[in-house]
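Enquirer: The structure's right below; bear with me while I get my questions together.
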Amino acid sequence: MIKLNPKLSQKFSYLILFLATALAIMPIMAIIFIIVKNGISVVNWEFLTSMPKNGMREGGIFPAIVGTFAIVMSTIMLTLPTGVCAAIYLNEYARDNMLTRAIKLGIVNLAGIPSVVYGLFGFGIFVMFLKLGVSIIAGALTLSIMELPVIITTSRNALNSVPYSFREASWSLGVSRWQTIRHIVLPNALPGIMTGAVLSIARISGETAPILFTAVAFYVPHLPHSMFDQVMTLPYHLYIISTQIPNMPNSIIFGTALVLLVMILTMSFIAIFVRIYFRKHRKW
Amino acid sequence: MSKIEIKSFNLYYTNFHALKDISINIEDKRITTIIGPSGCGKSTLLRSINRINDTIEGVRTSGEINVYGENIYDNKIDVDILRRNVGMVFQRPNPFPISIYENVAFGLRVNRIGSNRWTISETVEKSLKAVLLWDNVKDRLHKSALSLTLEEQQRLCIARVIAVTPRIILLDEPCSSLDPVAIQKIEELMIQLKNRYTIIIVTHNMQQAARVSNDTAFMLFGKLVEFDKTEKIFTNPLKKETEDYVSGRFG
């Protein structure tokens, strides 16, 4: 074993640590750089707001944006209230017994199921059994089932971060358990819950597998009329145009990827800013 | 009649027998302190009087605590009403992260005591005056309560309790996070409040017990060792353990 002198070994370790960090960040930079470089030329107002033309080789991606938006919003409207209520129950009311522990374990493990399995499940239950057909509602329900454990977990963490002493103070004023949750716990947990929700939105915007069999179509010539329509979505559209269509101009593929990327990054940044803002204004 | 009558009261945290057969009568409009070394059950006893221990998992009790002749461990008791009558101030000042005004108004609003704005404002002012905080904060009532000093925060917490008009106030080591000057001020406040409320204080600080209280209870290993007039406990206690503790031989 060669003994390096301490100064040298210090420099050497620093170099290795720095390189490891650089290695982790470089691919992300490269992805962003390549997507922006190749896609920026097609992204303009018309691209964002017009229908695809000529077998999707020309025109815009408006229906895919609308479809993504419709599915994501329906999903979050289903998941957020349910998830927050479940989190309140688990965190504030549930006694620590076998059943509760089993439920908590289940929730943690649900988050680890591959998303394509949710897709097949959603197809079996919502599309076939409940006869909702391939539709926004079937896709949103499938995504909700997938996202619910995440929302419950982030909401529980947010509720848990509200100091117990606030609850005690409120109870000792004769304020009931529910009123304490309603007036003290929830308002203070809200920033955390919202951050989790925004991150969930970002995550489900990019999901493909769960909606593959339950909501999306190769090409829909019109915007969705109702919750029971099939839709186009950005991630699936991206998959189609990059693998299924011959002579697809590269710029449109990268332009679509850029729009998806910007959407998701924007939401992640919103979540980060919300968190920073509330951390600064919170002193306990 | 005694205001608080504790009759052979036992409390278990799951398998740990924390309070052993406690019986004690606490009188009206006096300050009673509970002293004893860490882990002797003095906070647990205090927290049993407004049933805030109920919220801890695995707590079981037997025996009675009668407040105004009513057993508060009876199934018929509305715990929220009990806690409004028996207010509590905690070890660390724990104001809500809202404005000073809203902190005091909170209990009134949520419990719908004093329905209109004017009565609420009046009660807020009265409560803040009672804890001698009004003059300090009257110009910044809508500033965050967390901008106050620790001592002011603790006063605010007392005002918050007073606002819902309790008859008994429990203080769980209310001075342990304060500096000596602040402690002195809080003690003066407690003596002032004695005329209107029955006050029970848990404290680690024996000088404090000697300075402020009328009666003192000494607890050890979950048992009540001795309960008497404060002068008696500190000058001529009956039991050897009490004497050892108050003279600083252990604890």
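Enquirer: Restricted to segment B:146-168, and to residues that are within 10 Å of chain A (Cβ to nearest Cβ) and without any contact (Cβ under 8 Å) to a residue 60 or more places away in the chain, which residue is nearest to B:R83 (Cα to Cα)?
Expert: Across segment B:146-168, the extreme among qualifying residues is B:A163.
Enquirer: How do the helices (runs of 4 or more DSSP H) wholly within segment A:165-262 filter down when requiring 3 or more residues that are in contact (Cβ under 8 Å) with a residue 24 or more places away in the chain, away from every other protein chain (no Cβ under 14 Å) and among the hydrophobic types (A, V, I, L, M, F, W, C): which remain?
Expert: Where helices (runs of 4 or more DSSP H) fall fully within segment A:165-262 and carry at least 3 residues being in contact (Cβ under 8 Å) with a residue 24 or more places away in the chain, away from every other protein chain (no Cβ under 14 Å) and among the hydrophobic types (A, V, I, L, M, F, W, C), they are A:186-205, A:209-212, A:234-243.
Enquirer: For residues that are assigned to a helix (DSSP H, G or I), facing another protein chain (nearest Cβ under 10 Å) and not charged (D, E, K, R), tally how many sit in segment B:106-144. Step through it out loud before you land on a result.
Expert: Just the residues of segment B:106-144 that are assigned to a helix (DSSP H, G or I), to begin with: B:106-111, B:117-130, B:134-137.
Within this subset, residues satisfying the condition of being facing another protein chain (nearest Cβ under 10 Å) are B:106-111.
Next, only the ones that are not charged (D, E, K, R) stay: B:106-108, B:110-111.
Qualifying residue count for the region: 5.
Enquirer: Can you confirm whether A:V127 is within 14 Å of chain B (Cβ to nearest Cβ), part of a helix (DSSP H, G or I) and in contact (Cβ under 8 Å) with a residue 40 or more places away in the chain?
Expert: Judged against the criteria, A:V127 is not a match.
Enquirer: Let me ask something else about it. Please list, ordered by first then second residue, the pairs with beta carbon atoms under 6 Å, 6 or more apart or interchain, first in segment B:23-42 and free of Cβ contacts under 8 Å to residues at least 60 places away in the same chain, second assigned to a strand (DSSP E or B).
Expert: B:N25/B:E5
Enquirer: A further question on this structure: How many of the residues in segment B:10-28 are within 26 Å of B:I169 (Cβ to Cβ) and not in a strand (DSSP E or B)?
Expert: Qualifying residue count for the region: 2.
Enquirer: May I pose another question? Looking at segment A:243-261, which of its residues are more than 18 Å from A:L48 (Cα to Cα) and of a type outside the set (A, V, I, L, M, F, W, C)?
Expert: Across segment A:243-261, the qualifying residues are A:T243, A:Q244, A:P246, A:N247.
Enquirer: Right, another one. If a residue must be under 28 Å from A:G192 (Cα atoms) and hydroxyl-bearing (S, T, Y), how many such residues does segment A:253-273 contain? Spell out the reasoning first.
Expert: Let us first name the residues in segment A:253-273 that are under 28 Å from A:G192 (Cα atoms), namely A:259-273.
Restricting the remaining residues to those that are hydroxyl-bearing (S, T, Y) gives A:266, A:268.
Result for segment A:253-273: 2.
Enquirer: If you scan segment A:57-76, which residues turn out to be out of contact with any helix residue (DSSP H, G or I) (no Cβ under 6 Å at 6 or more places or on another chain) and either within 16 Å of A:T214 (Cβ to Cβ) or assigned to a helix (DSSP H, G or I) (or both)?
Expert: A:P63, A:I65, A:V66, A:G67, A:F69, A:M73
Enquirer: Please state which of the following conditions B:V89 fails to meet, knowing it meets all the rest: (1) touching a Ser or Thr at 6+ places or on another chain (Cβ under 7 Å); (2) more than 19 Å from B:M219 (Cβ to Cβ).
Expert: Unmet condition: (1).
Only the coordinates and a few stated rules stand behind these numbers; no lab work does. Here the structure is a predicted model, which means the values were calculated and not measured. Because the Cβ atoms are built from the backbone with ideal geometry, glycine has one as well, and the counts that use them run over all protein chains shown.
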